[in-house]
Amino acid sequence: MNFRRFNLIGSLQWRLVTIFILLTFVLMISAGISLNYFVENFYYDTFKAGIENGFEYWGIDSNANPKKEEILEYLTANNKANAMSLFSINNFRSFTVIDMKTNEILYTDERMPYRETLGQDIQSSRNYLAVLAGKAGDQGKLIRIGDKVFFDYARRIGNSDYVLYFRYDREEWAGAMRAFNKIIRLSFVIAVILSMIFGYALSKTITVPIVNLMHKARKMASGDFDQVVEVKSDDEIGKLTRTFNFMAKELKNTLNQISREKSKIETILNFMTDGVIAFDVNGAVIHINPAAKRILKIDEFSLDFNDFSKKYDLGVSIEEIKYLEKYSTKEVITDIGEKFVRICFALFTDKENNAEGIIAVLHDITEEQKLENMRKEFVANVSHELRTPLTSIKSYSETLLDGALEDRETAEKFLGVINSEADRMTRLVKDLLQLSRLDNKQMKWNMQEFSFEDLVKSCVEKVRFSSNEKKQILECFTIGEISNIVGDKDRIEQVILNILTNAIKYTPVEGKIMVYIGKMYGDVYVKVADSGIGIPKEDLDRVFERFYRTDKARSREMGGTGLGLAIAKEIVEAHNGKISVSSELGKGTEVTVKLPVCN
Ligand code: ADP
């Protein structure tokens, strides 16, 4: 912004100059008026004093009652010079003798101007009328009749019926007045020019520091808070400057504090995993953090509140949130794509508790939901797995009780089934207990160093009998030199046995099972490759899930609980190892366990 462009007419400096000029104007006008008034008064007073002296000298008091002839004799032609000096009559002053009873003009000075209208003028003269009313005719007011301007004065001659009427023409002092007024006008012009100059100079001492402050304030407004104005005086402007400097400092501190808070909140908002969307009271979006965009799978968010609610089928309206009770929230769970999102709405208010806007917090609960689903599935699976053997035990024992017990052969067969079902349940419960211990980290690990190669080989020997039963080829190869590992030998054995029994179980008669023991970088591994039924591609990721079986009936038939690989995975991972499976349906499966060697 250009500071020089500020309005001169509206500026304080201009106003101060105007005040100076107005003051001068008022002073000069009042001086002129009073001077005119005093000059006129002075002339009137000398006029009046001359007349009153004249009466005194003539010796006319209030009781005197001179006759008409006496008066005229005293004042008229013969004694005119006497009368003129008696009442200080000069070229601008004149006198008239009037009979107040008849209003007849008995005598008038021949130099009296406007003689034609004299009678008429006298009849309307305030002073003459005052005398007729018995009052003094000496009101010093200038009389204007047309272009005639004069003072007049009337006085009754003693107690007689005659009045002396004087007139004093303004022309005598008009010249002096004109000269006076000319001087006043000239002085007025000079005074205005001087007041402009002085007003300008003086107002500058006030306005310069103020303009200075204004410039600094503008800089502050544009964000530069390092503005300090030099304090040059101790007056109000000095105090204003000091206050300004203080304000700038405080403002800078407050702003720094606010921006620190802002950046803190921005960082929190930007890096928090929960999504946050802020709307104003009208529903327009004010802010959306990256997590919210990620959850909603969008790059730009320009929906207003109601559109947002409609698009994601939230069933909430802005009004509903606005009238929420203080500190309460509205919660909605919705699915966005394959994600489950919990959205909490809350109102934020100003100091006076007026609604300022709405905050929507988006929490991705897909994992929670998955876990919840898995928990439910797990409970359902456990119940199902337990119910199946229980049902058979129950039905076989009932049949036995109903009389089958009599037939020894059948009884033995039934009892055998009951026994194997009970074994199945025991296995299942044992596996569940072990999984629960692994989950709760309550497993007691008996860590020791042992030869991995020896362990695998002994496992192979342990299952050789069952593979022989299925006429399978079971071979074990060691590639390279295998280091010892540290771990819980029994648990690792459990893992390897599980993989081997699976290979035997899911490989048909006369199939082939190859076991490779090897070392790779810092790991030892065992790979069990069979030529069995294989696992469908889509199930490969799921074989480590609890109770997951590609073919439930077959697995159960073979005595599997569906927990073996899940337990194996937990054990291997607890040893910082890795278990993986690759397979081709109908061709065979390869399960690999990698464990870190001890250094
Ligand atoms: P189970 O007790 O049923 O064998 P596991 O957890 O050991 O349970 O195995 C889970 C599922 O993985 C099995 O039901 C089976 O469908 C599949 N599976 C495991 N090993 C093999 C294999 N070698 N060949 C084919 N399928 C296998």
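The values are calculated or read from the model by the stated rules, or taken from the named source; none is laboratory data. The shown structure was predicted, so the numbers you read here are calculated from the model rather than taken from an experiment. With ideal geometry, Cβ positions are generated from the backbone for all residues, glycine too; neighbour counts draw on all protein chains shown. Just the protein is used for accessible areas: all its heavy atoms, side chains included, with ligands, DNA and RNA removed. Shrake-Rupley method; radii C 1.70, N 1.55, O 1.52, S 1.80 Å.
Data overview
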| quantity | calculated |
| --- | --- |
| Three principal axis lengths of the stretch 203-265 [C-alpha, angstrom, descending] | 49, 20, 12 |
| The stretch 416-474: GluC sites (Glu not before Pro) falling in loop per DSSP and having at most 12 other Cβ within 10 Å | none |
| The chain, accessible area per residue, ligands and nucleic acids excluded (1.4 Å, Å²) | 59 Å² |
| Inter-part distance where the stretch 322-357 and the stretch 537-583 are each reduced to a Cα centre, Å | 43 Å |
| Per-residue [θ]222 nm for the chain (sum of -39500 (n - 2.57) over DSSP H runs n ≥ 4, rounded to 500) | -17000 deg cm²/dmol |
| Shape call, the stretch 359-455: gyration tensor on alpha carbons, a/c limit 1.5 | oblate |
| Theoretical FRET efficiency, 1/(1+(r/R0)^6), r = Cβ-Cβ of Gln123 and Val208, R0 60 Å, to 0.05 | 0.30 |
| Stretchable slack from Asn270 to Ala201, in nm (0.36 nm times residue separation minus alpha-carbon distance) | 19.0 nm |
| Euclidean distance between Cα centres, the stretch 45-119 to the stretch 447-499, Å | 163 Å |
| For Ala64, distant residues with modelled amide H under 5 Å away | Asn159 |
| Charged-residue dipole, Cβ positions (Lys, Arg, Asp, Glu), the chain about Cα centre, Debye nearest 20 | 1420 debye |
| Share of Cα-Cα pairs in the stretch 403-562 lying beyond 19 Å, as whole percent | 65 percent |
| Helix 489-505 axis, angle to the chain major axis (alpha carbon atoms, nearest 10°) | 70 degrees |
| Label-reachable residues, the stretch 379-394, where backbone N falls under 17 Å from a point 7 Å from Ser436's Cα toward its Cβ | 379-387 |
| Shape of the stretch 80-163, Cα gyration tensor, a/c cut at 1.5 | rounded |
| Accessible surface of the chain [probe 1.4 Å, protein heavy atoms]: carbon and sulfur percent | 55 percent |
| Rough spin-label spacing in nm, given labels placed 7 Å along Cα→Cβ, for Thr426 and Ser451 | 3.4 nm |
| Pairwise label distance in nanometres, Ser85 with Asn484, each label 7 Å out on the Cα-Cβ vector | 16.4 nm |
